[in-house]
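Colleague: First the structure, then my questions, so here it is.
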Amino acid sequence: MIKKITFLFCVFPLFMAAQEDLLKEIDTLSDANESVVAAFKSLKIVNLESTKLAAKGDLYLVIAHRFGYIDNGFEDFFGLDEANTRIQFVYGLTNGITIHASRSGFQKAYEVATKYRLAAQKKQGFPFEIVGFNSLSINTELEKTTLPKLEFTDRLAYVNQILISRKFNDNLSLEIAPTHFHQNYVANNSQDNSQFALGLGGRYKFSKRWSFNMDYAAHLNRASNSGFKNPLSIGFDLETGGHVFQMHFTNSQAMHESGYLGGTTGSWNDGQIAFGFNLIRVF
């Protein structure tokens with residue numbers, strides 16, 4: 001009997017240690033499978049869509065203003081007389097699927113879009129967040145008086161993007177966005193209707209509520225005689241409770257995808273820079 005009791009006293013600590021190691025292993029596996037959150041606080045970096053999606057049932061109202069270029073000085077009060085507005089609604093169908101609808105002053109464009117998660121960044125696993133984005137826009141500014149053969153389909157433009165981001169730490173997130181977009185109507189006969197671009201963007205959080213944002217889109221098959229430019233934007237995000245306030249400078253007056261990807265005319269070198277801001281409210 002004494003031998004049995006002695007044996008139990010010897011084995012019991014080993015059994016408990018083994019159980020503890022097993023629990024630690026389970027916790028480690030759980031941490032490894034946990035998704036990384038908040039790579040970006042806003043649905044857009046500046047112009048470029050971020051990998052952030054609306055949560056299921058959340059409704060976002062985005063009111064965006066983009067003014068004229070500042071190079072005219074006091075003539076149009078540094079572009080403030082040339083306001084361009086976009087109103088957008090974003091709704092989370094699920095935690096992984098978001099739908100958008102908007103109207104922009106630029107090209108009097110209507111746009112519908114969807115954004116959906118393909119893969120999530122894991123804390124100790126998959127290193128990237130991958131999100132798909134597709135949009136359809138209608139340019140209602142085109143007139144038959146100047147384009148007699150204009151048909152409804154000529155007003156349409158399509159954008160397809162793969163958004164790939166990585167949150168490196170609590171402060172730094174970067175994104176790359178291979179992009180295809182197709183404009184049924186292009187004013188320049190030398191320009192292919194199907195076009196390609198590579199978007200680059202990032203966010204650096206430098207305080208509890210403030211972050212510095214920047215994005216750029218390099219057009220990959222622009223016609224050699226085109227007057228359009230690559231959009232470059234820099235700005236700041238301010239988080240204030242239930243909404244995010246974005247302030248930025250950019251050479252693009254367009255805010256919808258096909259507009260800024262294929263229709264940016266401003267040049268940073270020539271001072272053709274527009275001030276803008278976005279107010280994002282979630283309900």
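Colleague: Check whether at least one residue in region 110-122 is touching a helix residue (DSSP H, G or I) at 6+ places or on another chain (Cβ under 6 Å), within 19 Å of residue 181 (Cα to Cα), in a strand (DSSP E or B) and among the β-branched types (Val, Ile, Thr), and report yes or no.
Modeller: Of all residues in region 110-122, those touching a helix residue (DSSP H, G or I) at 6+ places or on another chain (Cβ under 6 Å) come to none.
The answer is no; no qualifying residue exists.
Colleague: Being in contact with an Asp or Glu (Cβ under 7 Å, 6 or more places away or on another chain), at pLDDT 90 or above and either on the phi < 0 side of the Ramachandran plot or surrounded by fewer than 16 Cβ atoms within 10 Å (Cβ to Cβ) (or both), is that true of even one residue in region 273-280?
Modeller: no
Colleague: Right, here's the next one. Quick one: residue 255 ticks every box in (1) assigned to a strand (DSSP E or B); (2) within 13 Å of residue 44 (Cβ to Cβ); (3) among the aliphatic types (A, V, I, L, M) bar one, so which box is it?
Modeller: Only one criterion in (1) assigned to a strand (DSSP E or B); (2) within 13 Å of residue 44 (Cβ to Cβ); (3) among the aliphatic types (A, V, I, L, M) is unmet by residue 255, namely (1).
Colleague: May I ask you to say which residue of 221, 230 is touching a strand residue (DSSP E or B) at 6+ places or on another chain (Cβ under 7 Å), closer than 25 Å to residue 84 by Cα and not in a strand (DSSP E or B)?
Modeller: Details: 221 fails: closer than 25 Å to residue 84 by Cα.
230 is the lone residue from the list that is touching a strand residue (DSSP E or B) at 6+ places or on another chain (Cβ under 7 Å), closer than 25 Å to residue 84 by Cα and not in a strand (DSSP E or B).
Colleague: I've got another one for you. Could you give every pair whose Cβ atoms fall below 8 Å, whose first residue belongs to region 257-280 and is touching a residue at least 24 places away in the same chain (Cβ under 8 Å) and within 11 Å of residue 70 (Cα to Cα), and whose second residue is of a type in the set (Val, Ile, Thr) and surrounded by fewer than 16 Cβ atoms within 10 Å (Cβ to Cβ), counting only separations of at least 6 or pairs across chains?
Modeller: Final answer for the pair search is 272/265.
Colleague: Every residue in region 68-86 that is within 21 Å of residue 281 (Cβ to Cβ) and either part of a strand (DSSP E or B) or at pLDDT 95 or above (or both), please.
Modeller: Hits for region 68-86 are 84, 85, 86.
Colleague: So, in region 123-159, how many residues would count as being closer than 14 Å to residue 184 by Cβ, part of a strand (DSSP E or B) and among the hydrophobic types (A, V, I, L, M, F, W, C)?
Modeller: 5
Colleague: Going through 113, 101 one at a time, which residue ends up being at pLDDT 95 or above, touching a His at 6+ places or on another chain (Cβ under 7 Å) and either among the acidic types (Asp, Glu) or closer than 24 Å to residue 43 by Cβ (or both)?
Modeller: On the way: 101 fails: touching a His at 6+ places or on another chain (Cβ under 7 Å).
Matching residue, one of 113, 101: 113.
Colleague: Something else about it: Farther than 23 Å from residue 115 by Cα, touching a residue at least 24 places away in the same chain (Cβ under 8 Å) and not in a strand (DSSP E or B): which single residue out of 211, 190 fits that description?
Modeller: Values: 211 fails: not in a strand (DSSP E or B).
Going through 211, 190 in turn, the sole match is 190.
Colleague: On to the next question. Criterion first (out of contact with any strand residue (DSSP E or B) (no Cβ under 6 Å at 6 or more places or on another chain), among the polar types (S, T, N, Q) and in contact (Cβ under 8 Å) with a residue 24 or more places away in the chain) does residue 72 satisfy it?
Modeller: So residue 72 does not fit the description; no.
Colleague: What single numbered condition from (1) touching a strand residue (DSSP E or B) at 6+ places or on another chain (Cβ under 7 Å); (2) loosely packed, with under 15 Cβ neighbours inside 10 Å; (3) of a type outside the set (Lys, Arg); (4) closer than 19 Å to residue 258 by Cα fails to hold for residue 153?
Modeller: In the conditions (1) touching a strand residue (DSSP E or B) at 6+ places or on another chain (Cβ under 7 Å); (2) loosely packed, with under 15 Cβ neighbours inside 10 Å; (3) of a type outside the set (Lys, Arg); (4) closer than 19 Å to residue 258 by Cα, residue 153 misses (1) alone.
Colleague: Would a scan of region 174-183 turn up a residue that is surrounded by fewer than 19 Cβ atoms within 10 Å (Cβ to Cβ) and in a loop (DSSP other than H, G, I, E, B)?
Modeller: no
Colleague: Another one. Take region 153-176 and flag every residue that is over 17 Å from the mean Cα position of the chain (by Cα), under 22 Å from residue 114 (Cβ atoms) and without any contact (Cβ under 8 Å) to a residue 40 or more places away in the chain.
Modeller: Result: 153, 155, 156.
The values are calculated or read from the model by the stated rules, or taken from the named source; none is laboratory data. What you are looking at is a predicted structure, and each value in this text was computed from that prediction instead of being measured. Reconstructed Cβ throughout: ideal geometry from the backbone, glycine too, with neighbour counts over all protein chains shown.
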